Amino acid sequence: MRARLGIGRHRNKMGRAIRHIGGYIFFAVVFAGCATVPSGPPLLRDTAEGNAELYIFNVSGWTLIPSNQDVTANEQLVASLPRGSYKRVYVRPGTHELRLHGRRLKLEAVEGQTYYVTVGYRPELSWLFPLAGDPVVIKQISEEEARRLIGEMKPQ
C-alpha cells in the first residue's frame, strides 16, 4: 500500500538529496581551506637591517599538560613557545596583526624599532571567565617589563 502511494520512495529521494548536498558542502569547505594562502611578502626576516625587532614572551601559567603557544602574524607562524620562554624575531616594517587563540593585537612595526609582546594562557582565570577577565593574554608591554622577563625566561 505504501509503495503504491509513493510514501517510501519520496522519503528515500529526500534522504539522498540531503546526503548529496551535505557532501558538496563538505568538499567546498575542505577545498576552500586548502586554497587559503598568506598574501604579501614573508613577514620574518633574517637580519635587523631595514626591519623591526620583536620579542615575544610566553607568560602562561602552570597547567597539567603544558603546550606551546603558537603566535601568528598575517596568517604566518611567528613563534611556537613553551611556557617560560621568549623569542626574538625580525619583522618587516608595516602593520601586522598578531594572533593567539583568536585574540588579536595590532602592531605598527617601524624600521629600527623594538617591540615587546606577552602571550599566554592563565588557567587561574579560566574558572572565573568572564568575571575575572580573559584567560588568554596577548598584549604589548614596555621595555622595562621586557628586561625583567628576559632575566627570568629562556631564549628560543
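Each value in this text was obtained by applying a stated rule to the coordinates, not by laboratory testing. The model shown is predicted, which means the values in this text are computed figures rather than measured ones. Note that each Cβ is placed from the backbone with ideal geometry, even for glycine, and that neighbours are counted across all protein chains shown.
Once backbone amide H atoms are built at 1.01 Å from N, A79 has V71 as its partners under 5 Å, excluding neighbours fewer than 5 places away on the same chain. Approximating the spin labels as points 7 Å out from Cα along Cα→Cβ, the E75-to-T114 distance works out to 3.3 nm. Summing charges over neighbours of L81, with a neighbour being any other residue whose Cβ is under 12 Å away from its Cβ, gives +3 when K and R count +1 and D and E count -1. A Cβ-based charge dipole, computed about the Cα centre of the range 44-155 with Lys and Arg at +1 and Asp and Glu at -1, lands at about 260 debye. The protection proxy used here, the mean number of other Cβ atoms lying within 10 Å of each residue, ranks peptides 93-99, 141-147, 79-85, 56-62 as follows, highest first: 56-62, 79-85, 93-99, 141-147. Of all DSSP beta bridges confined to the range 44-155, the antiparallel ones make up roughly 75%. Taking a quarter of the surface of the Cα convex hull of the range 44-155 gives a mean projected area of 7.1 nm². If we count every other residue with Cβ under 15 angstrom of G50's Cβ, Lys/Arg +1 and Asp/Glu -1, where does the sum land? Taking every other residue near G50 into account, the sum is -2.
Amide H to amide H, with H built 1.01 Å from N, G61 comes under 5 Å of Y121, R122, counting only residues 5 or more places away or on other chains. The residues packed around H96, meaning those with a beta-carbon under 12 Å from its beta-carbon, carry a net charge of +1 if Lys and Arg are +1 and Asp and Glu are -1.
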